Amino acid sequence: MRLWQNTVETCAQILDRAFHLIEDWKHANNNNKHMQQTIATVTASTTTNDELATNNNNRVDRVGTVWKKPTIGRYKCNIDASFSTQQNRVGLGMCIRDDEGRFVLAKTMWISPICSVDLGKALGLFHAINWVHDLQLQRVDFALDSKTVVDYFHKGGPNITEFGDVLNECIRRFKSYFENSRVEFNRRQANEVAHALARVAPSIARSHVFIDVPTCISHLIMNEML
């Protein structure tokens, strides 16, 4: 068969080239889908540390169990951490939404080695403060489901552990970076978006920013906008 520029190919050569083109297309398509497939297939099982976080928070009165939009002109950044003993990683998830509940940005990252629940949640707040500052956002409500972290942030304490060091640095940076912003406690049920992001974080790229709604939280975002 005569092709472009008078190049002649046999039928066998054409079929072979077509086969390789199809294989290359499949490979590229699989790479594009890999991130969403990884997110979609992360199991729902919990580790001992993650269960401990839930049990600790269940001791708090069951109030604020529904996610609430920030007031007009503000943003809300929900934050959470997960703990994978198998991967020896702490997954961090954070999601920013506007005053209509619309998705703005989300970020996942992981750190290693694994640490205590309180320290992991404190590190989540630390990285969220830095990220939001880099985005140059103001009037932000930082929300997380660790009453221990939120109480220390507002009241301080004589804690000389790494947990105290991290939160003292959070306090210092928060005061330096933000005006008219706050850190607040949300129940786990009101923090499901950040929790879902944190759960998948150890299984994907070490640090990833989502400009489109990730599949693992799309249904939650839609439900919470109602």
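The values are calculated or read from the model by the stated rules, or taken from the named source; none is laboratory data. Note that this is a predicted model, so its numbers are computed, not measured. FYI the Cβ positions are ideal-geometry reconstructions off the backbone, even for glycines, and counts take in every protein chain you see. We work out accessible area using only protein heavy atoms, side chains counted, and drop any ligands, DNA or RNA first. Shrake-Rupley method; radii C 1.70, N 1.55, O 1.52, S 1.80 Å.
Key figures for this structure:
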read-out	value
Under the Karplus curve 6.51 cos²θ - 1.76 cosθ + 1.60, θ = phi - 60°, whole-Hz ³J(HN,Hα) for segment 215-226, x wherever Gly or Pro sits	4, 6, 10, 4, 5, 5, 4, 4, 5, 7, 7, 6
Segment 87-128, accessible surface, carbon-and-sulfur percent (1.4 angstrom probe)	51
Added length on full extension, which subtracts the Cα-Cα distance from 0.36 nm per residue, D98 to K69	9.7 nm
Taking all pairs of distinct alpha-carbon atoms in segment 104-226, Kirkwood radius in angstrom	15.3
Difference of contour (0.36 nm per residue) and Cα-Cα distance, E184 to S218	9.9 nm
Simple spin-label estimate for V209 and R172 in nanometres, 7 Å along Cα-Cβ	2.5
Candidates per GluC sites (Glu not before Pro) in segment 100-170, loop by DSSP, up to 13 other Cβ within 10 Å	E100
Accessible area per residue, Å², segment 82-226 with all protein chains present, probe 1.4 Å	44
Heavy atoms of Y152 accessible to a 1.4 Å probe, total area in Å² rounded to 10	20
Where R102, R97, R172, R188 fall by accessible area, highest first, once all protein chains stay in place (1.4 Å)	R172, R102, R188, R97
Protein-only accessible surface order, largest first, of S218, S176, S181 at 1.4 Å	S176, S218, S181
5 angstrom amide H check on R74, placed H, neighbours 5+ away	D99
